[in-house]
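The values are calculated or read from the model by the stated rules, or taken from the named source; none is laboratory data. These figures come from a predicted structure and were not determined experimentally. Here the Cβ positions follow ideal geometry from the backbone for every residue, glycine too, while neighbour counts run over all protein chains shown. Areas reflect the complete protein model, heavy atoms only, side chains present, ligands, DNA and RNA absent. Shrake-Rupley method; radii C 1.70, N 1.55, O 1.52, S 1.80 Å.
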Amino acid sequence: MSEDHEIFTRLDQAQAAALPALEQAGDEAALQAWKTAHLGRSSAVMQAFSQLGQAPKEIRPAIGQRANQVKLALESAFAIRSQAIKEQALQRALQQEKLDVTLPGRPQPRGRMHPESRALETIYTILAEMGFQIFRTPEVETDDYNFSLLNIPAYHPARDMWDTFHTTRPGTLLRTHTSPGQVRAMRQRAPEPIRVALPGMCYRYEQTSARSEIQFNQVELLVVGRNITFGDLKGTLTDLARRIYGDNVRTRLRPSYFPFTEPSGEMDVECFVCGGKGCAVCKNSGWLEILGCGMVHPVVLQNGGYDPSEWSGFAAGMGPERMSMLRYGIEDIRYFWSNDVRFLEQFS
Amino acid sequence: MKLPLSWLKDYVDIDLSVEDLARVLTRAGLEVDSIQLVGLAAETSSQHEFKINGLTWEADKIVVAQIDEVMPHPNADRLVLCHLNDGIKEQVVLTGAPNLFQYRGTGPLPTPLKVAYAREGARIYDGHQPGQVLTTLKRAKIRGIESYSMVCSEKELGISDEHEGIILLDADAPTGMPLVDYMGDAVFEISILPNMIRNACVVGVAREVAAMTGRELRLPPADFHPAGPAIAGRASIKITNPELNPRFVLGLIENVTPQPSPYKIQLRLRLAGMRPINHVVDATNYLMLELGEPLHAFDYDVLLQRAGGKPPVIITRTANPGEHLTTLDDVDRALEPFTVLVCDEAGALSIAGVMGGQESEVTSATRNILLEGASWNFINIRKTVSYLRLQSEAAYRFSRGIHPELAPWGVQLCLKRMSDWGEGVVASGLIDSYPAPVTDPVVTLSEADVTRILGIQLSAAEIAALLRRLDFTCTVEGSSVMAKTPPHRLDVGEGVVGKADLLEEVARIYGYDNIPARRMTDALPPMHPNPVLETEAKVREQLVVLGLQEVITYRLTCVEREARILPPGAEAPGPYITLKNPIAPERSLMRRHLLASVMEIVERNARLREHLAFFEIGPVFFPRDDDPLPDEPTRLAIAMTGKRDLAGWDGAPSANLDFYDLKAVIESLLDSLHISGVTYTPAAASSYHPGKCAEIRAGDVVLGVMGELHPLVRAHYDLGASSAPVLAAELYLERFNGCRPARVLAQSVPVFPPVLEDLAVVVDESTPSAVVEEAIRAAGGKLVTAVRLFDIFRGEQLGAGKKSLAYSLTYQLPDRTLTDSDTQQVRQRIIRRLEQDLGAKLRA
Ligand SMILES: [Zn+2]
């Protein structure tokens, strides 16, 4: 029979030899060698195709068919084996590429705001939500704006409340508070109603210490309108305290004295460190003083160009450094302007 | 001010706990800083509100006892044995108190000594240890005699530091009574607001407590009818300037022997922070603490002597040129011409309202006392105090305004106390000169005023009732109250000021806590945006994104610090805003150079980090000729130095930061602000390397200067071992805002594909790259949407003084795809332009 032709035997043998050999091929090189040997031009299968013409005519189709079967079988086995070897190689490579994930990351230079700018930005954002716009005024001021127009005449005992740097130009000084901005804002805005925040650097003639600096920021609020009462002052400042210190913070407002407001007050918030039980931060009082405030004094309204029998207003001032110190437990106010990177890098 | 509770209770009934009273005081504006317990127990409440410390005396362990006899100790000279009765039993108690030695071995005492006695188990302070160390009394044998209890010193009971002897109580102290019931106290430390000097005394605080709690105020007596001979003719008063000295009052007490005050008086003074001296001095101090009126006692015999035996004439006048006076504190003081003196015809006796003179001072030998009560112009006293740098309890009060009505009352009450606490005869009547009487303001306050300012509805009758609690005399007329200020305060003004003063009193007594809070109902006022601030915020945010650390430095500096930012030999910087009273020489003026401040921060941190990149946004100060106030423009300063990259574990070497790192920062910054038309031109600013410095402009506007710090300037700063250049920039931030477009329009994203092409041209070395780029853009027109320099090459094959610049160009049209002929044409245009204008050659 035609199947007895020795070519069939060779093909069968070729297939039988090739498949186990494939299993022996362990890497890409061996695989290629196997391919050359068993599917290359001189392989038994390919030989069968090229010598087809020499075979008896009647069995040529059968040989062709058989050779094709073998070729397909070998190719398919090769593809499977090849895929397996690639996967093994990948697995090996992945195993070898294992990192020490505990090594530190590659350091990148990082930018940061000064903590004071961050604090001011937070306050501005809150104030903006409450309708206050920023109004800035000079740091070097006249005695008039800093004191006299704020109802603090020369030699008035109230001047004891401020230790003042005077400049060599008579009648000028480094502002001791942001309050001169009250009269400046009023004079610029009259007769409009006003709702502004007056921020900026102020100066104090005092030896620096952990608690005291020669320059410090204040943020002052000023509201002037035809319908502004002490109730508005309480409501606005309570809202402000809640936005800064949290919704459930307890506040208290107690009488105080500033020459440019009357009635005047100081607002305390319950110490958020100890929850009012008493600790070192609140000096065992349970309260933290956060802002001074009051109804704008009629003399100040007059000096600003507003008739105190028709207009009223309130003002309030706070110290952002102090707020940051409380918030972050900063123990020395001098850290702020000395700009040691070991301090600055703690804030982001 | 230190305020003992027991003293306060003399004038007002108080049934509040210590902490509740502190709460009332604080809500009246008398902020309680701390509470010192002296025997009384502290309640514990969940809501802690005050700092409380001190010692509580256990009622069953610390009591009043009496010593009936003092006997010598058999084996110790420095100890005595006391026969003591503590109300329960008689016993023998051992003590070393030196103030008992005088009674040793004198037999049974005719009047028993009353003492503070601590029984076994009592908790007291250890008298032999410094500070306050708690100890519990235990049984012990001392020199062979068993001891289990003790008679106490003030230190042991937490009253004062006094441990020299034991407390000897007044003779009427009831034996056996718990000491806490007899004299237990609490001392409130109160801050007195500048407008509340009327409350720097016990009666003042009592008035506030009475007003706040609705209780009655019991004032000390004001009517006296002393039995002594009349004072008239014994002295006279001459006031030369009534404006400075509105009132002057004299009283007289004769045949006095200064002696210790009763123990309870001494205790009060001590708790209030004053040292007991003798009953004469104590009485004037007591009166000042009680009524707030400082008094001054003269030795009448000294005055008589100075007047040659005639009745002295007391004169008040300002100091004569060159006049001096030696004050009580033994300092010879030169007096300013505005200083008011109390004098007699022989010369100055005291600085009015501030401090007495040495010569007429009361001593233990004084027998007759002329007592001064006066009122002084508070502004003048304040001026005197600040010029003389001399503070006193009297000056503290007089420099804040003491009502003249207190003078006669104070003098009489004080003389009465002197005669009560010692012997002596008080002359009847006073010599009273009151040439400038105070008119107590009458202020009209309406219901509408209260509603308009305080936001509460009160009837005129209710308003009047609140004010009457503070002793205002009120008349209700319709919806208004006419309130006359009581004659013990000078802080109430006239007209609108008076109205505000009364509104504060109404709010205070009504209670800030009781005024309802509300949200502002006003329409939002016209909004005025602050674009300058917005630009600053944007700059800050962008520089942080670019990896820079913001700093905020001192605005106060000095010429030497500022000069460091200039090369040696440069003209001294200035002019400056200079302080008249600097606190330190290195903080004596306001800066002109922001970069000088930032460089100090670079220096400070140079050894801490290998990569430093700082910026500051802040004002500089330039004096102006036409304005007393300086110009305060806002500047931006940047300083960078060190390694470009931070060292990691892989040891990749990093180059130093250079000019182009800084330039990238500035380009990104300006780009983020949408500032266009920015040019960088070589510049010569003295702080910078002459070849590495550029002026930055936006159109015609100079935005600032940037570059590498001049090596000689860099050498002014100690940057440790680093040799890296310092890159710095100073920008006129206040000008940025004008260069920002009012509106930024978004561009459509192109839908047609771009064509990318490289172009390398050879130009002269001196041709700036910006000129080449400009020529490319000009020739390319709208078709060229991006020009990126990606290589600079210099080499022999180009020839000397030549460089090759290679650009990557992007061609793009918004409405169609580019054809080959489009790109061919534009390329040719660009090449032609470069050849013609710049003599450039296309590099093969
Ligand atoms: Zn606390």
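Which of the aspartates and glutamates could a cross-linker span from B:Lys310 if the Cα-Cα distance has to be under 15 Å and same-chain partners fewer than 8 positions apart are dropped? Partners found: B:Asp299, B:Asp301, B:Asp344, B:Glu345. In the range A:115-344, taking the dipole from charged Cβ atoms about the Cα centre, the farthest positive-side position among A:Val269, A:Val249, A:Ala315 is held by A:Val249.
For Cα pairs less than 8 Å apart in space and 6+ apart in sequence, what is the mean separation divided by the residue count of chain B, i.e. the relative contact order in percent? Write down the numbers at each step before the final one.
Details: 1720 pairs, mean separation 66.9, N = 844.
Answer for chain B is 8 percent.
Annotation note: trypsin sites (Lys or Arg not before Pro) in the range B:704-788 located in DSSP loop regions with a Cβ neighbour count of at most 13 within 10 Å are B:Arg743.
The simple Förster model, with R0 at 25 Å and r as the Cβ-Cβ distance, assigns B:Val701 and B:Asp625 a FRET efficiency of 0.50. Just going by the charge dipole of the range B:687-809, with Lys and Arg at +1 and Asp and Glu at -1 on Cβ, which of B:Leu719, B:Ala806, B:Val702 is farthest out on the positive end? So the residue we want is B:Val702.
How big is the equivalent ellipsoid of the range A:3-96 along its three axes, where each semi-axis is √(5λ) from the Cα gyration tensor, reported in whole Å from largest to smallest?
Over the Cα atoms of the range A:3-96, the semi-axes work out to 32, 10, 10 Å.
For B:Met177 and B:Glu765, the difference between the fully extended length at 0.36 nm per residue and the C-alpha to C-alpha distance is 201.1 nm. Within the range B:811-843, find all residues whose amide N lies under 17 Å from a label point positioned 7 Å from the Cα of B:Arg788 along Cα-to-beta-carbon. Counting backbone N atoms under 17 Å from the label point, the list is B:811-812.
Using the C-alpha atoms of the range B:21-93, what convex hull volume per residue, in cubic angstrom, is computed? Working shown, then result.
On the way: hull volume 11.3 nm³, N = 73.
It comes to 155 Å³ per residue, whole-number rounded.
Magnitude of the Cβ-charge dipole of the protein assembly as shown, K/R +1 and D/E -1, about the Cα centre, nearest 20 debye?
On the way: 123 positive and 149 negative charges, 579 e Å.
That gives a dipole near 2780 debye.
All alpha carbon pair distances within the range B:604-748 were sorted into 10 Å bins beginning at 0; the resulting P(r) in whole percents reads 10, 34, 32, 18, 5, 1, 0. Compared with the dominant principal axis of the Cα atoms in chain B, helix B:659-672 is inclined by about 80°. The angle between the Cα long axis of helix B:18-27 and the longest principal axis of the Cα atoms of chain B comes to about 60 degrees, rounded to the nearest 10.
Kirkwood-type hydrodynamic radius, the range B:276-412: 15.1 Å, calculated from all non-identical alpha-carbon pairs.
So for the range A:213-295, what are the equivalent ellipsoid semi-axes in whole Å, largest first, each being the square root of 5 times an eigenvalue of the Cα gyration tensor?
Working: eigenvalues 113, 49, 29 Å².
So the equivalent ellipsoid measures 24, 16, 12 Å along its semi-axes.
Interface residues of the range A:315-348, defined as those losing at least 20 Å² of solvent-accessible heavy-atom surface relative to the isolated chain (probe radius 1.4 Å), are listed as A:Trp337, A:Ser338, A:Asn339, A:Asp340, A:Val341, A:Arg342, A:Leu344, A:Glu345.
Using a probe radius of 1.4 angstrom, the carbon and sulfur fraction of the accessible surface of the range B:506-592 is 55%. Taking 22 Å as the straight-line reach from the Cα of B:Lys841, the lysines in range (excluding those fewer than 8 positions away in the same chain) are B:Lys802, B:Lys803.
The accessible surface of the range A:3-96, taken with every protein chain in place and a 1.4 Å probe, is 54 percent carbon and sulfur. Set the Cα radius of gyration of the range B:691-741 against 2.2 N^0.38 Å, with N its number of residues, and you get 1.46.
When a/c reaches 1.5 or more, the comparison of a/b and b/c decides; with that in mind, is the range A:115-344 rounded, prolate or oblate per its Cα gyration tensor? Working shown, then result.
Numbers: a/c = 1.67, a/b = 1.21, b/c = 1.38.
Because a/c hits 1.5 or more and a/b fails to exceed b/c, the range A:115-344 counts as oblate.
Could you compute the FRET efficiency for B:Ser479 and B:Tyr148, with r as their C-beta to C-beta distance and R0 at 41 Å, rounded to 0.05? Provide the component values of the computation, followed by the final result.
On the way: r = 72 Å, r/R0 = 1.76.
Rounded to the nearest 0.05, the efficiency is 0.05.
Our Cα-only numbers for the range B:349-483 put the radius of gyration and Dmax at 21.1, 63 Å.
For the range B:625-681, the fraction of alpha-carbon pairs lying more than 13 Å apart is 74 percent, rounded to a whole number.
Kindly work out what percent of the DSSP beta bridges joining two residues of the protein assembly as shown are antiparallel, to the nearest 5. List each step's numbers first, then the result.
Numbers: 180 of 197 bridges.
So the antiparallel bridges amount to about 90 percent of the total.
How many percent of the alpha carbon pairs in chain B exceed a separation of 49 Å? Numbers along the way, then the final one.
On the way: 182413 of 355746 pairs.
Within chain B, distances greater than 49 Å cover 51 percent of Cα pairs.
Cross-link partners of A:Lys283 among lysines, defined as those whose alpha carbon lies under 21 angstrom from its own and excluding same-chain residues fewer than eight positions apart: B:Lys2, B:Lys51.
In the context of the full set of protein chains, the protein assembly as shown has a per residue accessible area of 44 Å² (1.4 Å probe). Buried accessible surface for the A/B pair, both sides summed and rounded to the nearest 100, is 8900 Å² with a 1.4 Å probe.
Loop-resident GluC sites (Glu not before Pro) (DSSP state other than H, G, I, E or B) in the range B:174-256 with no more than 13 further Cβ atoms inside 10 Å of their Cβ: B:Glu216, B:Glu243. For the range B:75-106, trypsin sites (Lys or Arg not before Pro) meeting the loop criterion (DSSP other than H, G, I, E, B) and having at most 12 other Cβ atoms within 10 Å: B:Arg78, B:Lys89. Each principal axis of the protein assembly as shown carries a Cα extent, and these read 165, 81, 67 Å when sorted largest first. Only one residue of B:Ala652, B:Phe615, B:Pro582 has its Cα farthest out toward the positive end of the dipole of the range B:524-661, where Lys and Arg carry +1 and Asp and Glu -1 on Cβ, and that residue is B:Pro582. Amide hydrogen proximity for B:His710: with H placed 1.01 Å from N in the peptide plane, the residues at 5 or more positions away or on another chain lying under 5 Å are B:Tyr688, B:His689.
Taking the Cα atoms only, what angle lies between the long axis of helix B:406-421 and the longest principal axis of chain B, rounded to 10 degrees? The helix B:406-421 is inclined about 50 degrees to chain B. Kindly flag which residue pairs out of B:Lys538/B:Lys663; B:Lys663/B:Lys782; B:Lys264/B:Lys416; B:Lys238/B:Lys383 have an alpha-carbon separation exceeding 25 Å in this structure. Beyond 25 Å between Cα atoms: B:Lys663/B:Lys782.
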